[in-house]
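The values are calculated or read from the model by the stated rules, or taken from the named source; none is laboratory data. Keep in mind the model is a prediction, meaning the values are calculated, not measured. Don't worry about glycine lacking a Cβ; one is built from the backbone with ideal geometry, like all the others, and counts go over all protein chains shown. Calculation scope for accessible area: heavy atoms of the full protein, side chains included, ligands and nucleic acids excluded. Shrake-Rupley method; radii C 1.70, N 1.55, O 1.52, S 1.80 Å.
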Protein chains: 2
Amino acid sequence: MRVLGVDPGLTRCGIGVVDGAPGRALTMVHVDVLRTPPGDDLGLRLLAIFDGIEAAVERFAPDAVVVERVFAQQNLRTVTGTAQASGLALVAASRRGIRVALHTPSEVKAAITGSGTADKAQVTTMVTRLLKLPARPTPADAADALALAICHIWRGTALNRLDAAAVRAAAGVRR
Amino acid sequence: MRVLGVDPGLTRCGIGVVDGAPGRALTMVHVDVLRTPPGDDLGLRLLAIFDGIEAAVERFAPDAVVVERVFAQQNLRTVTGTAQASGLALVAASRRGIRVALHTPSEVKAAITGSGTADKAQVTTMVTRLLKLPARPTPADAADALALAICHIWRGTALNRLDAAAVRAAAGVRR
């Protein structure tokens, strides 16, 4: 499956595309960071982020789009822009009929490093290793977007298997 | 000038369109509240809000779109959805080359009632009176969207006059 991860942000919005399946090798397809200048008109900044995400969704045609879940408690100074960028990613995917998922930062860290409290350097190290990249992806937003995609390939599929098992179990009960 | 006001929200998103100019009568052109069920998929809810705002912008072709400014401190439980809806309104306007403006709730209250700390009932009373409506607009999100549009017609035009004066002054200095 192909997953497009979005680390939402207004100044820097990370986009990472990964192909893979649980228990098989992962391949990085694309990584990019969309940037908009803090001094620019807010509407034009959001439009640039929206256009950039739409272009990536068009170009890479992912099976799923996964976006970091935003918590209002996180960083009061930037949370509005982060939430706005995440909403644009959800709309860009949904209007093409692509499944969207949200994962929390600690879910991503736990999936990639085994610890929900791992630091950014540790996440970047594991992303570099798992995707067999020649160099560490920078900035952190790029690595975070790839980490989201990897997390979804592993967790999403596990959850799908659980869903399928639940469906089968429910069907068995009825028969 | 015609202004489309958006009171952003995920469960209820108010849209109000007003024609007018400072010192002249105001006319309500349209009022609506977009609603999405809290239990639905987040991507589909945001897409419904985006489509609804785009349809209103297409239909009423406003000179400006004005959106309530979101503060992370406001209401932690709903701020993420409110910020996401506001971002969608800004993109819907910006991609059509329409000017967007943001006003804070206290700027709107001060413009409409004379007090930045007026309550919702007082704002609704003044909106009803200023637009000569036969009944109070409900829910509050509808009245708030109309109040935003009125505020922008009054304040925006005053600010535009100041901008124009500043431009003339700057030009005068250079000549």
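Couple of notes before you dig in:
- Annotation note: Cβ proximity below 6 Å between a residue of segment A:90-112 that is of a type in the set (Ser, Thr, Tyr) and a residue that is part of a helix (DSSP H, G or I) (sequence gap 6+ or interchain) occurs for A:SER94/B:GLY43; A:SER94/B:LEU44; A:SER94/B:LEU47.
- In the set B:ASP19, B:ASP51, B:ASP41, B:ASP63, only one residue is under 16 Å from the mean Cα position of the chain (by Cα), free of Cβ contacts under 8 Å to residues at least 24 places away in the same chain and farther than 18 Å from B:PRO139 by Cβ; that residue is B:ASP19.
- Qualifying residue in segment B:54-61 (condition: on the phi > 0 side of the Ramachandran plot and more than 11 Å from every other protein chain (Cβ to nearest Cβ)): yes
- Filtered residues of segment B:114-148 (kept if exposed (fewer than 13 other Cβ atoms within 10 Å of the Cβ) and under 17 Å from B:GLY5 (Cα atoms)): B:THR138
- Strands (runs of 3 or more DSSP E) fully within segment A:9-105 counting 2 or more residues that are open to solvent by less than 40 Å² (accessible area, probe 1.4 Å) and over 23 Å from A:LEU133 (Cβ atoms): A:99-103
- Checked against the criteria, B:ALA170 does not count as aliphatic (A, V, I, L, M), modelled with pLDDT under 95 and within 30 Å of A:LEU47 (Cα to Cα).
Residue-wise test of (1) in contact with a Phe, Trp or Tyr (Cβ under 9 Å, 6 or more places away or on another chain); (2) modelled with pLDDT of 95 or more.
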{"position": "B:LEU4", "(1), (2)": "yes, yes"}
{"position": "B:VAL18", "(1), (2)": "no, yes"}
{"position": "B:VAL33", "(1), (2)": "no, yes"}
{"position": "B:LEU47", "(1), (2)": "no, yes"}
{"position": "B:ILE53", "(1), (2)": "no, yes"}
{"position": "B:PRO62", "(1), (2)": "no, yes"}
{"position": "B:ARG99", "(1), (2)": "no, no"}
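- Restricting segment B:106-134 to residues that are modelled with pLDDT under 95 and in a loop (DSSP other than H, G, I, E, B), the residue that is nearest to B:ALA25 (Cα to Cα) is B:GLY114.
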